[in-house]
Ligand code: UD1
């Protein structure tokens, strides 16, 4: 199993290019199932999750052609509308094929994702939404079996804001008969990016970016070209790393407008931030100040940045409260941070982090994607060597992470 060895104590300096967003690329690749033409994507990140999604689409009959960050998906010969357990269990986002498959082929068999490290994460809202649109759904041998001659437009209210739930139903509604209104829909920028791509394919969608999205179904969608938006979580992760190490970095090919709460929190921590065009510059002098964070759906503070801010708070001046409201078990990094000398108390969904002068390198284990990023940050600020095990989690969501960090002056290497 691969590990990362990090020699801490070097502030990050320099410029780094931000990759395309994993959480936009995955649903947008599934949009390729909605047309018999070619969907031409650019700025697609080279990530493990992206290749898992490509393989899943290919085994259904989609032809995929990848060259660097370009990906062409041809959905004209799909003959097996099925997502097997082996793939869904490694990547929950596989459930995003459900809506497009029922909408275009009238049938889908998609494995239930089951639990994952950060919580139980059910897909009941995806299923209820499709049922409201007229699909007959049964659960057979661990598989969701959905059928519908043609989905019908419906008014659907989400009890809980769900990002992939919203995306699945937008894609289903794009080919349904009539108008679908999604209420309490997710406002995440990745939902908006998907809507942009679908509109380029001929879909009629409005209200994306607000909590009420209206989709008027069309008979068919056509091919299109779409550039994947920048990854706001990768952007935020590099900014927090620079702030925690007391460095100064510039991100290119990114967007400040989708990172507002994160930039605000970094400002509170004492970082000087400026943004212009597709660049964000951050400079940090001295030790960061502690910052309270409370995760909630967009535009509030993202749960995918919670662990990274926890790492920053570990060495900050003062105490901070970190409250996780989205996932019930997203504090697994706490145990590992404690191995580096962090002072953290956990009570239910709240952690209290007392900043210490320094962390000390140790052997730690990554438990999920963003927890891995948090351990990389902690390793980069710790004195001595930190070795992170199970970094396959990191490769699911961060493109060329050690190359990018090395370019910024970090002492980091992969042990194979
Ligand atoms: C997406 C992101 C993930 C991010 C999360 C929250 C992708 C591929 N992944 O995950 O990185 O951490 O949003 O911003 O975009 N829920 C239900 N029933 C459902 C669906 C969700 O109860 O049918 C609950 C979940 O258990 C969770 C909450 O709703 O507590 C939000 O989850 P959701 O937004 O659906 O997360 P994902 O879309 O899986």
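Throughout, read-outs are computed from the coordinates displayed, never taken from laboratory work. These figures come from a predicted structure and were not determined experimentally. Every residue, glycine as well, gets a Cβ built from its backbone with ideal geometry; the counts of neighbours run over all protein chains shown.
Would you mind computing the Rg to Rh ratio of region 313-360 from its alpha-carbon coordinates, Kirkwood style for Rh?
Numbers: Rg = 10.5 Å, Rh = 10.9 Å.
Result for region 313-360 is an Rg/Rh of 0.96.
222 nm [θ] for the chain, helices only, -39500 (n - 2.57) per DSSP H run of 4+, per residue, to 500?
About -9000 deg cm²/dmol.
Rounded if a/c is under 1.5, else prolate if a/b beats b/c, else oblate: with a ≥ b ≥ c from the C-alpha gyration tensor eigenvalues square-rooted, which is region 1-70?
Here region 1-70 falls in the prolate category.
Can you put 85, 74, 398 in order of Cβ neighbours within 10 angstrom, beginning with the fewest?
So the ranking, lowest neighbour count to highest, is 85, 74, 398.
For the chain, set up a Gaussian network in which alpha carbons nearer than 10 Å are linked by springs, and say which option among 374, 314, 65 fluctuates the most.
Among 374, 314, 65, the largest mean-square fluctuation in the Gaussian network model of the chain belongs to 65.
Could you give the alpha-carbon Rg of the chain over 2.2 N^0.38 Å, rounded to two decimals?
0.98
May I ask you to order 134-140, 214-220 by the average number of other C-beta atoms within 10 Å around their residues, highest value first? Intermediate values should be presented prior to the final figure.
Details: 134-140: 14.1, 214-220: 16.9.
Top to bottom by mean Cβ count within 10 Å: 214-220, 134-140.
If packing is taken as the average count of other Cβ atoms within 10 Å, what order do 101-107, 307-313, 367-373, 239-245 fall into, highest mean first?
By packing density, highest mean first, the sequence is 307-313, 239-245, 367-373, 101-107.
Compactness ratio of region 262-327: Cα Rg over 2.2 N^0.38 Å, N = residue count?
Against the empirical 2.2 N^0.38 Å value, I get 1.14 for region 262-327.
Along its three principal axes, how long is region 73-227 when you only count alpha carbons? Whole Å, largest extent first please.
For region 73-227, the Cα spread along each principal axis is 36, 34, 31 Å.
Along each of its three principal axes, how wide is the spread of alpha-carbon positions in region 288-416, in whole angstrom units, largest first?
In descending order, the Cα extents are 37, 31, 23 Å.
Tell me whether region 1-121 comes out rounded, prolate or oblate; compute the Cα gyration tensor, take square roots of the eigenvalues as a ≥ b ≥ c, and use a/c under 1.5 as the rounded threshold.
Since a/c reaches 1.5 but b/c is at least a/b, the shape of region 1-121 is classed as oblate.
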